[in-house]
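Asker: First the structure, which I've put down as structure tokens, then a few questions once you've had a look.
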Amino acid sequence: MSILEAIFQPGWVDTALKVGIIVVKILVLIAVVMFHVAYATYFERKVIGRMQVRMGPMEVGPHGLLQPIADMLKLFFKEDIIPEKADKPIFYIAPIISLASAMSALAVIPFYKDFMVANINIGLLFVLAMSSLASYGIVLSGWASNSKYAFLGGLRSSAQVISYEIALGLSLVGVMMMSGSLNLNEIVKAQAAYPTGFYAIPQILGFFVFVVAAIAETNRAPFDLPEAESELVAGYFVEYSGMRFALFYAAEYIGMILMGCIASACYLGGWTVPWYLIKILPFLKYVPGIVWFVGKVYFIVFCYYWIRATLPRYRYDQLMSIGWKLLIPLALLNILITGILKVIF
Amino acid sequence: MPGTYLPESYLPIFIFIIIATLFGLGALLIGEIVRLRRPYHEKLMPYESGIDPVGEPRVRFSIRFYVIAMLFVVFDVEAIFLYPWAVVFDKIGLYAFVEMVIFIIILFVGYIYAWKKDAFQWE
């Protein structure tokens with residue numbers, strides 16, 4: 001009775017409506033993002049195919065456009081193999097932790113002016129917290145699989161993710177100092193008011209550190225050590241198959257899109273266009289903000305593929321050296337430079 | 001109810017985490033309904049390039065990983081400590097900046113020490 005009273009207290013219709021709107025927003029966001037994840041795989045195969053003078057997927061649908069849907073259906077019907085000696089409960093929850101943490105971080109991304117699912121004042125901190133949570137998915141799956149490859153892959157991957165997490169967090173401090181906020185919406189607005197229109201120019205050092213750390217954080221080439229197929233076959237998800245594998249895969253691509261979103265919102269001006277561009281080409285102001293935002297995200301995602309097609313994989317000791325000996329001092333230097341510039345001007 | 005503080009702006013995040021978890025579970029459930037399952041012993045062995053697994057899978061691993069984990073805690077706390085300072089940077093001005101530089105220098109000394117002790121060196 002008391003629970004019912006607590007739910008149906010005066011004004012519960014308003015509350016229910018509010019929750020309903022939030023749920024609809026989230027469902028639409030998830031649907032759109034999952035669509036983009038599916039086509040990000042297609043985009044990747046096409047881009048890398050072209051860079052290697054191949055066609056990429058061509059068979060399913062015109063120019064292979066239905067390939068992601070075919071892949072998804074295939075993964076639904078694949079057998080779900082759970083190794084006998086696996087730690088079953090942990091084995092089950094690991095991919096869900098990976099997916100849920102990557103996805104929830106999308107709640108604070110401003111896709112266009114004032115649209116975000118959760119308008120909280122610690123947006124950026126929340127994103128970093130969620131990307132730290134993702135490393136639980138990695139280390140638990142590596143442990144639970146009860147396989148040497150998965151174990152070593154999970155270990156390497158978690159060490160890599162936590163190492164680059166620091167550089168990632170420190171590189172964003174410069175942006176926070178310039179905008180005076182952790183809310184991504186406020187950061188984008190502060191950028192629009194800034195002379196250059198985006199922070200990538202004064203924060204060039206921070207942007208560089210961020211991009212490198214973001215690639216390592218999402219376990220992408222050339223830092224895809226955990227899934228180095230020539231030595232660890234597939235790293236932490238070697239024992240996963242079918243839909244469970246698909247969840248890890250989706251989490252990886254959502255992570256990539258998420259990093260693109262943060263780069264877009266923190267360094268490239270988010271949904272805004274620099275004012276001088278509008279002065280030169282006045283028609284640009286009629287382009288909706290979401291187009292700019294998604295365009296910038298896809299630019300970053302394209303750079304991910306470009307880097308993957310260009311650079312060979314690093315060795316593990318090189319990877320750790322880059323993270324600890326190069327990126328962290330650079331990020332601290334960036335904070336110092338930003339601070340000095342802000343104090344002088 | 002009086003006395004129950006509800007941070008309302010965090011409600012969407014709470015709902016988002018629930019829906020994201022349900023999304024993962026739902027995808028697995030649909031898979032469970034449509035896929036076939038024919039397990040047998042050989043298929044369920046851990047993958048080791050086709051040969052029978054040798055020894056224990058959870059092998060001893062390098063002490064370096066522990067060192068990295070400890071260093072991570074130190075530096076991550078530092079990063080989090082910098083956040084509130086960075087956000088109010090405009091309001092607190094030069095004095096706080098100098099203080100933070102001193103803090104970073106102290107931390108940097110520890111960083112140099114860790115470097116000299118080869119904590120970042122992988123053999």
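The values are calculated or read from the model by the stated rules, or taken from the named source; none is laboratory data. Worth saying up front: this structure is predicted, and the values here are computed from it rather than measured. For neighbour counting, all protein chains shown are included, and Cβ atoms are generated from backbone atoms with ideal geometry for every residue, glycine included. Heavy atoms of the whole protein, side chains included, go into the accessibility calculation; ligands, DNA and RNA do not. Shrake-Rupley method; radii C 1.70, N 1.55, O 1.52, S 1.80 Å.
Asker: If I ask for residues that are more than 11 Å from residue B:31 (Cβ to Cβ) and part of a helix (DSSP H, G or I), which ones from the stretch A:75-92 would you list?
Answerer: Within the stretch A:75-92, A:88, A:89, A:90, A:91, A:92 qualify.
Asker: Also, I was wondering about something else. Of the residues in the stretch A:114-141, how many are free of Cβ contacts under 8 Å to residues at least 12 places away in the same chain, assigned to a loop (DSSP other than H, G, I, E, B) and either surrounded by fewer than 18 Cβ atoms within 10 Å (Cβ to Cβ) or not assigned by TED's automatic domain parsing to the domain that holds residue A:217 (or both)?
Answerer: The qualifying residues number 0.
Asker: If you go through the stretch B:27-37, how many residues are at the interface with chain A (Cβ under 7 Å from one of its Cβ atoms), of a type in the set (D, E, K, R) and out of contact with any helix residue (DSSP H, G or I) (no Cβ under 7 Å at 6 or more places or on another chain)?
Answerer: Of the residues in the stretch B:27-37, 1 are at the interface with chain A (Cβ under 7 Å from one of its Cβ atoms), of a type in the set (D, E, K, R) and out of contact with any helix residue (DSSP H, G or I) (no Cβ under 7 Å at 6 or more places or on another chain).
Asker: Considering only residues of the stretch B:1-48 that are surrounded by 14 or more Cβ atoms within 10 Å (Cβ to Cβ) and hydroxyl-bearing (Ser, Thr, Tyr), which is modelled with the lowest pLDDT?
Answerer: So the residue we want is B:47.
Asker: Separate question: What is the number of the single condition among (1) open to solvent by 20 Å² or more (accessible area, probe 1.4 Å); (2) within 10 Å of another protein chain (Cβ to nearest Cβ); (3) farther than 30 Å from residue A:276 by Cβ; (4) over 15 Å from the mean Cα position of the chain (by Cα) that residue A:179 does not meet?
Answerer: (3)
Asker: OK, next. Could you check residue A:111 against (1) closer than 25 Å to residue A:319 by Cα; (2) more than 10 Å from chain B (Cβ to nearest Cβ) and say which number it fails?
Answerer: (1) is the only condition that residue A:111 fails.
Asker: Still on this structure: Given (1) in contact with a Pro (Cβ under 8 Å, 6 or more places away or on another chain); (2) of a type outside the set (Lys, Arg); (3) more than 9 Å from chain A (Cβ to nearest Cβ), where does residue B:44 come up short, assuming only one miss?
Answerer: Failed condition: (3).
Asker: Same structure, new question: Is the stretch B:56-76 home to any residue that is surrounded by 13 or more Cβ atoms within 10 Å (Cβ to Cβ), at the interface with chain A (Cβ under 10 Å from one of its Cβ atoms), of a type in the set (D, E, K, R) and more than 20 Å from the chain's Cα centre (by Cα)?
Answerer: No, because not a single residue in the stretch B:56-76 is surrounded by 13 or more Cβ atoms within 10 Å (Cβ to Cβ), at the interface with chain A (Cβ under 10 Å from one of its Cβ atoms), of a type in the set (D, E, K, R) and more than 20 Å from the chain's Cα centre (by Cα).
Asker: Okay, next question. Hey, among the residues in the stretch A:76-91 that are at the interface with chain B (Cβ under 8 Å from one of its Cβ atoms) and not β-branched (Val, Ile, Thr), which one's nearest to the chain's Cα centre (by Cα)?
Answerer: Filtering first and then ranking leaves A:76.
Asker: Between a residue in the stretch A:73-95 that is closer than 15 Å to residue A:141 by Cα and assigned by TED's automatic domain parsing to the domain that holds residue A:137 and any residue that is part of a helix (DSSP H, G or I) and polar (S, T, N, Q), which pairs come within a Cβ distance under 9 Å, given they are 6 or more apart or on different chains?
Answerer: A:90/A:141; A:91/A:141; A:94/A:141; A:95/A:141
Asker: Against the definition (of a type in the set (D, E, K, R), within 13 Å of another protein chain (Cβ to nearest Cβ), closer than 25 Å to residue A:169 by Cα and open to solvent by 30 Å² or more (accessible area, probe 1.4 Å)), how does residue A:308 come out, yes or no? Break it down stepwise before answering.
Answerer: Details: of a type in the set (D, E, K, R): yes; within 13 Å of another protein chain (Cβ to nearest Cβ): no; closer than 25 Å to residue A:169 by Cα: yes; open to solvent by 30 Å² or more (accessible area, probe 1.4 Å): yes.
It is false that residue A:308 is of a type in the set (D, E, K, R), within 13 Å of another protein chain (Cβ to nearest Cβ), closer than 25 Å to residue A:169 by Cα and open to solvent by 30 Å² or more (accessible area, probe 1.4 Å).
Asker: Contact list please: Cβ distance under 6 Å, first residue in the stretch A:227-242 and within 20 Å of residue A:308 (Cβ to Cβ) and at the interface with chain B (Cβ under 10 Å from one of its Cβ atoms), second residue at pLDDT 70 or above and open to solvent by 10 Å² or more (accessible area, probe 1.4 Å), pairs at least six apart or on different chains.
Answerer: A:233/A:149
Asker: Restricting to the stretch A:311-334, what's the tally of residues that are open to solvent by less than 30 Å² (accessible area, probe 1.4 Å) and either more than 17 Å from residue A:164 (Cβ to Cβ) or part of a loop (DSSP other than H, G, I, E, B) (or both)?
Answerer: Summing the residues that are open to solvent by less than 30 Å² (accessible area, probe 1.4 Å) and either more than 17 Å from residue A:164 (Cβ to Cβ) or part of a loop (DSSP other than H, G, I, E, B) (or both) in the stretch A:311-334 gives 0.
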